[in-house]
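Following: one structure in C-alpha cells, then a few remarks.
The values are calculated or read from the model by the stated rules, or taken from the named source; none is laboratory data. Note that the coordinates shown come from a computational prediction; the quantities given were computed from them, not determined experimentally. Glycine gets a Cβ as well: all are built from the backbone with ideal geometry, and neighbour counts include every protein chain shown. Just so you know, the surface numbers come from the protein's heavy atoms only, side chains and all, with ligands and any DNA or RNA stripped out. Shrake-Rupley method; radii C 1.70, N 1.55, O 1.52, S 1.80 Å.
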Amino acid sequence: MAVSNNLRTAYGTALVELGTKYPDVVALEADLGKSTQSVMFKAAFPERYFEMGIAEQNMTSTAAGLALSGKMPFINTFAVFASGRAYDQLRNSVCIPKLNVRICGSSSGLSDYGDGKTHQSIEDMSIMRAIPNMTVVCPADSIEVAKLMDCLHDYRGPVYIRINRNDLPLIYPEREEYHIGKVTKMRDGHDAAVFACGVMVSKALEAARELEREGISLRVLNVGTIKPLDREAVIEYAKGVRAIVTAEEHTIVGGLGSAIVEALRAERHAPVEFLGVKDCFGTSAENYDLILEKYGLTSKAIAESVRSLLVK
Amino acid sequence: MASKETVTRLSRIAYDLRENIVRMIGVGKAGHLGGSSSLAEIVTALYFEHMRYDRKNIRDPNRDRFVLSKGHAVLVQYAALIELGVIPREELTKVKTLNGMLQGHPDIDKTPGLEAVTGSLGQGLSIALGMALALRLDKSPARVFVVMGDGELSEGQLWEAAMAAPKYGIDNLVGFVDRNRIQATGPTKEIFDIPEIEEKWKAFGWNVLTIDGHDVVAVLGALEKAAQTKGKPTVIIANTVKGKGISFAENTAAFHNGIMSREQYDTALAEIEAARAALA
C-alpha cells in the first residue's frame, strides 16, 4: 500500500487501524477533526468518538476519566492548544496518575504556516518535556508515524505525539526496527553529527548530501523520542565528531537542543550549535518552505552551522 | 424511604467520619476541617448505603465511583475509607507525612480506594464524565458520583463539563454541589458570588435537586430520584454548613484550612461524641 506523505493522513489511518485491533481505543476531538484527521476514526467508530466541542480542558480531563475506566483515549487538537490550553489538565488529571492517554498535538511547530503566532506551537516540546511521567515523540515522516502508532497500545503512561500538518519526504527506513525511545541513525559520518527531529531530519539528510560534495561527512541522528531520551545512545553518537548541531522546528529554549546537551552534560563533547526558533513567536507566511526559511530551518542553515563549527 | 434504623446508623457514621477528620488533622497542624465536615452525611450516604461498592473488591470494574472534585476535602473520603477498612486505621495519624499514604490531596498511586487525582479545582466533573462514558460503552451498571464545591463553581472547565454531559445524554453521573457558602478566603457572596446556581444547571440541561445536605433522609431520597432520572445527568445542590458539627469551625473561613489548638481539638471531639450519643 502506498504511504501518504502527509503525516496527518498517516496518523488518522493508523488510528483507525489501532481502533480496529483494539476495542478499548477511543478518540476525543475539539472541533478540529478535519485538520487532525480524527474524522477518519469518527467514520469508522462513531460510538467511540467524542466530539467535545471547543473545550480542550474538559476534553483532556474527560480523557483521564476514560483512561481510569480502562479505555485508551486519543486526544486530538492542535499542538498549541493540546500543550498550552490544557496544560494543567495534562499535568494533574493525566500525568500525576500516569494514565494511558495519548495526546495528538497536530499542526505542530510552524507547520500551520498561514495561521500565524497563535496557532503555531514553538514551545510544546519544552512544556510537555517538563512534566514528569510524560513521553514526548516527534516523528519525521509518515512511515515513522505508522511505526510509532503501532507501539502505542502496549506502551504505558501518557504520550504526547507531535504531528506535522504538511507532506514530508519519506525517509524512515521501512525495515528499520522502531521503538519509543529510539535514536535512529539515518546516515553515518565522522566529521559532524546532527541531532534532529520532525521535519528537520529530512533537512539534515539534505545538508549531509550537500556537505558530502565538499568532503565533509555528516552523521544524521533522528531523535524521534525527545523524552525519555536515550542518553547512552546520544553519548555514543556524539563521539568522534568535531561538531554537533541540533535542529528542531521549535524554540531553542528547552526543546531538543536542550535535551541533547543535558544528555551530554557529564561528557567531553564537540561544540554544539542549536538550530531552532530563536525565542520568538511565529508569523503568517505564504507557504511552509518560506516560513521555515525565515526561521533558519533549512538544509542550508544546517550545512552552514556545521561548516562554522568545523573551522573554529 | 430509608428505615429509621438505617438513618440512625448513617447519621452516627457521619459523626464517626467527623471524628476521623478531627483526629487526622490533630493539634497545631493545618487541615481542611470546614469543607470536609460539611460533606460527612453525603459521603456516608454514598459509601455506606447507596453506592455499589465492595470493600473487599475495590477494583471491581462494575463498582460505583466516587470522585471528589474539591480534592482539598479528601479527609472526609479518607475518613470513610478508614471506616470501610480500605485504608489501614494506623494511617490516621500519618496524614501529610513523608512515609504515610494519605497525601494532602488525592493521589491514586499512594492511597487505595481513591479514583482520580484532583486538587487543581474544576477537573473532577470532567473526569467523572469520562468514567461515565467509558462505563456506558462497556454496558456496565456502575454509576459515577462527583462532589464539587460551591467556591469551585467559578472554574470555567466545570461548566465545559456541565455542557458536555447532557450532550451525551449521560444518566449514570450524579453531581453534588457542597453549598456551604464559604470559600478559602471568605463567604462566596463576597469573594465571587454566583447567583441562581440551580437555574444555571437547569439551563445546561441537568436534572436539578436541592436538599439539606446534612439530612440523611434527604440525601438518600435525592440519590434515589437521580437513579430514576434517565437521559440526562442529575446535580444535587446540597445546602450544608462549613465545619458542621464543630461549633468553633462552623460558618467560618478560618477553618477552611485552619489549625486547631489543643483546647479546640478536645472541644471538637467532645462535641462530636455528644452529637453521636444523642443519635443513639
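For chain A, just say rounded, prolate or oblate: build the C-alpha gyration tensor, square-root its eigenvalues into a ≥ b ≥ c, call rounded for a/c under 1.5, and beyond that prolate if a/b exceeds b/c, oblate if not. In terms of gyration-tensor shape, prolate.
The Cα center of the stretch B:73-103 and the Cα center of the stretch A:273-312 differ in position by 55 Å. Screening chain B for DSSP H helices whose Cα atoms reach 30 Å or more along their own axis and whose mean Kyte hydropathy is at least -1.0 gives B:4-25. For the stretch B:111-134, accessible area lost to neighbouring protein chains reaches 30 Å² or more, against the chain alone with a 1.4 Å probe, at B:V117, B:S120, B:Q123, B:S126, B:I127, B:G130, B:M131, B:L133, B:A134.
Take each residue in A:95-108, count the other chain C-beta atoms within 10 Å of its C-beta, and the mean is 2. Rounded, prolate or oblate: which one fits the stretch B:1-116, using the alpha carbon gyration tensor with axes a ≥ b ≥ c (rounded when a/c is under 1.5, else prolate when a/b beats b/c, else oblate)? Oblate. Normalised by 2.2 N^0.38 Å, with N the number of residues, the alpha-carbon radius of gyration of the stretch A:183-311 equals 0.98.
The coefficient of translational diffusion for chain B, derived via Stokes-Einstein from the alpha carbon Kirkwood radius under 20 °C and 1.002 mPa s, stands at 115 µm²/s. Using the rule -39500 (n - 2.57) for each DSSP H run of four or more residues, divided by the residues of chain B, the 222 nm mean residue ellipticity is -12000 deg cm²/dmol.
Only the Cβ atoms of Lys and Arg (+1) and of Asp and Glu (-1) were treated as charged; on that basis the dipole of the protein assembly as shown about its Cα centre amounts to roughly 740 debye.
For the protein assembly as shown, the cysteines with no partner cysteine C-beta closer than 4.7 Å are A:C95, A:C104, A:C151, A:C280. Convex hull of alpha carbon positions in the protein assembly as shown: directionally averaged projected area 28.9 nm². For the stretch A:7-162, a Kirkwood radius taken over Cα pairs fed into Stokes-Einstein (20 °C, viscosity 1.002 mPa s) yields D = 143 µm²/s. Over chain B, with every protein chain in place, what whole percent of the accessible area is carbon and sulfur at 1.4 Å, could you tell me? About 50 percent, which is the carbon plus sulfur part of the accessible surface.
A 1.4 Å probe run over the protein chains yields, for chain A, 37 Å² of accessible area per residue, whole-number rounding. Note down the net charge around A:D289, summing +1 for each Lys or Arg and -1 for each Asp or Glu among other residues with Cβ under 14 Å from its Cβ. Spelling it out: positives minus negatives among the neighbours equals -1. Solvent-accessible surface of chain B, averaged per residue with a 1.4 angstrom probe and all protein chains in place: 38 square angstrom.
Taken over the stretch A:134-234, the alpha-carbon convex hull comes to 95 cubic angstrom per residue. If you line up the long axis of helix A:199-212 against the longest principal axis of chain A, both from Cα atoms, how many degrees apart are they, to the nearest 10? Roughly 20 degrees, rounded to the nearest 10. These residues, B:R59, A:R175, A:R102, A:R307, go from largest to smallest accessible area, 1.4 Å probe, as A:R175, B:R59, A:R307, A:R102.
Among residues other than A:A55 with Cβ under 10 Å from its Cβ, the summed charge is -2 (Lys and Arg +1, Asp and Glu -1).
Each of B:T93, A:L211, A:Y87 was scored by the projection of its Cα onto the charge dipole of the protein assembly as shown, and the greatest displacement toward the positive side belongs to B:T93; charges sit on the C-beta of Lys, Arg, Asp and Glu.
What is the local net charge at B:R179, summed over the other residues whose Cβ is closer than 13 Å to its Cβ (Lys, Arg +1; Asp, Glu -1)?
-1
Interface area, chains A and B: about 2000 Å² of buried accessible surface, summed, with a 1.4 Å probe and ligands, DNA and RNA left out.
Shown for chain A: the carbon plus sulfur share of the solvent-accessible area, taken with all protein chains present and a 1.4 angstrom probe, equals 51%.
Against the longest principal axis of chain A, how steep is helix A:7-21, in degrees 0 to 90 to the nearest 10, with axes from Cα atoms? Approximately 50 degrees, to the nearest ten. Interface residues of the stretch A:52-67, defined as those losing at least 20 Å² of solvent-accessible heavy-atom surface relative to the isolated chain (probe radius 1.4 Å), are listed as A:M52, A:A55, A:Q57, A:N58, A:S61, A:T62, A:G65, A:L66.
Within 10 Å of the Cβ of each residue in B:152-165, the mean number of Cβ atoms contributed by other protein chains is 4.
Computed per residue of chain A from DSSP H runs no shorter than four, each worth -39500 (n - 2.57), the mean residue ellipticity at 222 nm is -9500 deg cm²/dmol.
Is the C-alpha gyration tensor of the stretch A:244-296 telling us rounded, prolate or oblate? Criteria: a/c under 1.5 is rounded; beyond that, a/b larger than b/c is prolate, otherwise oblate. Cα axes put the stretch A:244-296 in the prolate bin.
In this structure B:K167 has an accessible area near 120 Å², from a 1.4 Å probe over the protein heavy atoms.
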